[in-house]
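Only one structure is covered here, and it is reproduced in the block below.
The values are calculated or read from the model by the stated rules, or taken from the named source; none is laboratory data. Computed from a prediction, not measured in an experiment: that's the story for all the values here. Cβ atoms come from the backbone with ideal geometry, glycine included; neighbour counts cover every protein chain shown.
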Amino acid sequence: MLSLLPTRIAHGVAWTACLFGLVWFSTADAANPTSANAWSLTDDATQFLQDHCLDCHDGPDGEAGFDVHAVGTDLTSPRAMQQWIQIHDRVSAGEMPPPEYEELDADELSRWTSPLRQHLVSFQRDEQRRLGRVRGRRLSNQQLSRTLQDLLLVHVPLEDLMPPEQRVGGYAHLVSAQSMSHFQLKTHLKVVDAALDNAFAKALEPSSDWSIDLAPEKIANKPKGRRNREPEMRKGLAVVWSSNMIFYGRIASTTVPEDGWYEITLTASSVKPPKEHGVWCSVRSGECNSGAPLMSWIGGFEAEAEPKTMTYQAWLPKGHRLEIRPADKTLKQGRFQGGQVGFGEGEPQDLPGVAMHSLQMKRIYPAGDRRQTRDRLLGNLPLRYNRSSKQSEIDVDELVAKRIRQIEKSDPKATLPEGDEATQTILRQALRTNLHRFAQLAFRRPVERSSIKSIVELADSELDNGATFVDALRAGYRAILCSPRFLYLTERSDASGKLDDWSIASRLSYFLTGSMPDDELRMAAKRGQLQDATQLKHQTDRLLQTPRGQQFVVDLADQWLDLVDIDFTEPDRRLFRDFDTTVQAGMLKETHLFLQHLLDQNRPIHELVSADYTFLNTRLARYYELTPTEADIADLGDQSRLVKMDPSIPRGGILTHGAILKVTANGNDTSPVLRGIWVSERILGTEIPSPPENVPAVEPDIRGATTIRDLLAKHQADPSCASCHRNIDPPGFALENFDAGGRWRDRYMQKRGNNYKRGPAIDPSFEMPDGSKFDSFVEFRDLIRNREETLAKNVASHLLTYGTGQTIQFADRERVDRIVANTRQDSFGFRSLLDEVIQSDVFLSK
């Protein structure tokens, strides 16, 4: 049932840090790619490397680990192909040969690199035509989870059942990052069973309309004489005081009876707030005990003097309860003895708090109600409720009677079926009909009945062995969901490599929504409309407005910008006293709303780095220490909104977002190398290869004996390192004024024992590879702001990588250039880039 082959395509990028070479190849072979040596470079190529490079790269101990003698000439070898691409790029960029050794004339340079580029492109395009640019791509964890949810109309967090995925360049769904092992197959079965169990239970079991409506007396659970971590009654309201105590603010009466989605409606106000602002609070869920300490974020709000009502939707596992509490670390924190809080113990400490006026919760079904899931699983099969099993089952008698009525209506003279044999025949016909209908949805394209013959036979054998109709149907669905045609994106194309409509539908849907095509997109594919540019634009507009599509920038940012790693580090509270969960939530919202604004308004690409606005709420604005003269922060609330910034201050643009600055640091310290590589690869589109094995890592000296600038100066002086550090160091140092928590600083902080003290002043100045100099982050930002084509090319490349599951290959570069050129009239608008990517040959070809 699971005949899946491994799909990992091993590839490595060897660092050729000091590589110079010019390439000879046979023009006869290039003109005749079908000849035996069509994709081999001639011996003259390696001879030229030997003539020019042996001084530095002779043997395995050559500089940067590069050996001239080891360079292959057969481009069908992935390693040889990658080496020649690097040779081309280094020579074309003028990095090799090093100017101090030899300098090539521009004409001479072109005579060598132009034919090499043509040969490399021709080889890759021939390979793409024969094998496809994207091969063997399976659904990622997120895509699998969402597809099962949308297929079965359930909303279970299935990703929690799957092991973490390998990420390459930030992306988890690249072909080169995917594998399939026995363990993963076993996990897939577990995930499929969990989804089917939930779906059939939802369809067949009695409705559970659990809900609660709690007045303050029901929220609070702290009568006089009792010490616990529940809210207490104060002036007729349920109150939780500001404190660092874990699980303080948990509400036992909100414990949910079963796994599910719940809508939470809370009305609250502040108690004893500071004069300058309200009381920022968090709403989280968990078991709220030491045996299960992990908590899940639901939302945050700023409690103010006047009560206000907030509504949230969240998945809560059985036994979880709510924790609602002040979560602003800048507030005065209460001190309570013994890990519990007694009635009235917070009042005399003059603490801020949150007062809850009412709290309602109810079970909801965001993926569709029970009837919709029942229709998806069982079609129009009649049901009856079985009191002994306490669930619905197929009404076989009604099914047979219904079929007889259909026969009588269509052919009054027909011989009507009778007896058990007739019943079995009708049941098996219903089984086949539902399996075929389900397979077409699961496989995301039309399915011949003969192609699922083995699955039908499996379901039939279940009936033969005494299984109920529902159990036999479930076994067939399970087989369908374990088929490679479900787990893998089956992309079909014509002889030129152009995808068919069904493949375009899947690629577009998984790109924009992370899930299977919906009904309207499937209908467009059925009508053959997705080859039309106007229809593609219409479908893009529509999908981006769906609930899944509104998550597009969140999904993209998680991988492109590494925001999925936001929880990977936890700042030291002694150094980052003001950082808390509400700040981090505001940071993520800032970046997500910023990208959504760029997309919705088709803003010019330079605003990605140079925007004079961002999206803030009161908590984040206070954390950034912004003043009214620096930003339009008047009347800010707890809902993030667009805030105009003074162009002279170092805020605005994605490089100043706290979420970005946090994921590019290691928790407490910053590193120009880490941030420099990130900016180079994620924003400027400059790939930084891995360092040679014989080059030690650069670690900051927290004792302050040596500055990071001094340490990196040694790397810049080493020819094996200089060629990469010339790209890494400028953006790395430009961001040094932002600490690991995303706040501005003028001096480093040095650790002394268990404390931190002010250290040396920060010097962000540096020189760009083209000789441009900057003395501050603002000057650096202005420099890269003017490189619009570079920024646009990078965004287009990341969109293509994210949308197709394949990194940009050498042969794709010219196509990316065309995408960018087509958006010049729109100032390289963010939405224009997305549309051109979707309309491109790269996206619409296999």
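Look at the range 451-488 and say how many of its residues are within 22 Å of Ser179 (Cα to Cα) and either part of a helix (DSSP H, G or I) or touching a Cys at 6+ places or on another chain (Cβ under 9 Å) (or both).
Qualifying residue count, the range 451-488: 8.
Restricting the first residue to the range 764-781 and requiring it to be without any contact (Cβ under 8 Å) to a residue 24 or more places away in the chain, which pairs with a second residue that is surrounded by 14 or more Cβ atoms within 10 Å (Cβ to Cβ) and not polar (S, T, N, Q) meet a Cβ separation below 6 Å and a spacing of at least six or different chains?
Pairs that qualify, where the first residue is without any contact (Cβ under 8 Å) to a residue 24 or more places away in the chain and the partner is surrounded by 14 or more Cβ atoms within 10 Å (Cβ to Cβ) and not polar (S, T, N, Q), are Ser772/Leu783.
Out of everything in the range 506-532 that is in contact with a Phe, Trp or Tyr (Cβ under 9 Å, 6 or more places away or on another chain) and assigned to a helix (DSSP H, G or I), what residue ends up being farthest from Gln596 (Cα to Cα)?
Taking the candidates together, the pick is Lys526.
Look at the range 607-645 and say how many of its residues are in a loop (DSSP other than H, G, I, E, B) and within 16 Å of Leu655 (Cβ to Cβ).
Of the residues in that region, 3 qualify.
Just checking, how many residues over the range 751-766 are within 23 Å of Phe579 (Cβ to Cβ), crowded, with 16+ Cβ neighbours inside 10 Å and of a type outside the set (D, E, K, R)?
4
Give the residues of the range 371-411 that are without any contact (Cβ under 8 Å) to a residue 40 or more places away in the chain and of a type in the set (Gly, Ala, Ser), sorted by residue number.
Matches in the range 371-411: Ser388, Ser389, Ala401, Ser410.
Just give me the residues in the range 417-472 being within 18 Å of Leu152 (Cα to Cα) and hydroxyl-bearing (Ser, Thr, Tyr), in sequence order.
Residue satisfying the conditions is Thr433 alone.
So Arg573 ticks every box in (1) out of contact with any helix residue (DSSP H, G or I) (no Cβ under 7 Å at 6 or more places or on another chain); (2) in the same structural domain as Arg675 (by TED's automatic domain parsing); (3) in a helix (DSSP H, G or I) but one. Which box is left unticked?
If we test Arg573 against (1) out of contact with any helix residue (DSSP H, G or I) (no Cβ under 7 Å at 6 or more places or on another chain); (2) in the same structural domain as Arg675 (by TED's automatic domain parsing); (3) in a helix (DSSP H, G or I), just (3) comes out false.
Go through Gln313, Gln333, Gln349 for me and flag whichever is under 17 Å from Arg234 (Cβ atoms), surrounded by fewer than 18 Cβ atoms within 10 Å (Cβ to Cβ) and not charged (D, E, K, R).
Gln349
Under the condition of being surrounded by fewer than 18 Cβ atoms within 10 Å (Cβ to Cβ) and either among the acidic types (Asp, Glu) or assigned to a helix (DSSP H, G or I) (or both), which residue from the range 682-705 is modelled with the highest pLDDT?
Glu687
Condition first: of a type in the set (Phe, Trp, Tyr) and assigned to a helix (DSSP H, G or I). Now tell me which residues in the range 533-570 satisfy that.
Phe552, Trp560 - these are the residues of the range 533-570 that are of a type in the set (Phe, Trp, Tyr) and assigned to a helix (DSSP H, G or I).
Taking the condition of being among the charged types (D, E, K, R) and outside any strand (DSSP E or B), how many residues in the range 285-316 meet it?
Looking only at that region, the number is 3.
Tell me which residues, restricted to the range 814-846, are surrounded by fewer than 17 Cβ atoms within 10 Å (Cβ to Cβ) and closer than 21 Å to Arg129 by Cβ.
Within the range 814-846, Glu814, Asp817, Arg818, Gln839, Asp841 qualify.
Select, from Met96, Met180, Met162, the only residue that is farther than 29 Å from Ala439 by Cα and touching a residue at least 12 places away in the same chain (Cβ under 8 Å).
Only one candidate qualifies: Met96.
Any residue at all in the range 358-378 that's farther than 30 Å from Asn221 by Cβ and more than 42 Å from the chain's Cα centre (by Cα)?
no
For the range 374-428: of the residues being among the small types (Gly, Ala, Ser) and in a helix (DSSP H, G or I), which is modelled with the highest pLDDT?
In this case the residue turns out to be Ala401.
Kindly indicate whether Lys222 is buried (at least 21 other Cβ atoms within 10 Å of the Cβ), out of contact with any helix residue (DSSP H, G or I) (no Cβ under 9 Å at 6 or more places or on another chain) and among the charged types (D, E, K, R).
yes
Look at Ala194 and say whether it is without any contact (Cβ under 8 Å) to a residue 60 or more places away in the chain, in a helix (DSSP H, G or I), surrounded by 15 or more Cβ atoms within 10 Å (Cβ to Cβ) and small (Gly, Ala, Ser).
The answer is yes for Ala194.
Using the structure shown, decide if Arg371 is at pLDDT below 95, in a strand (DSSP E or B), of a type in the set (Lys, Arg) and more than 30 Å from Thr267 (Cα to Cα).
no
If we scan the range 784-804, do we find a residue that is out of contact with any Asp or Glu (no Cβ under 6 Å at 6 or more places or on another chain) and without any contact (Cβ under 8 Å) to a residue 24 or more places away in the chain?
No, because not a single residue in the range 784-804 is out of contact with any Asp or Glu (no Cβ under 6 Å at 6 or more places or on another chain) and without any contact (Cβ under 8 Å) to a residue 24 or more places away in the chain.
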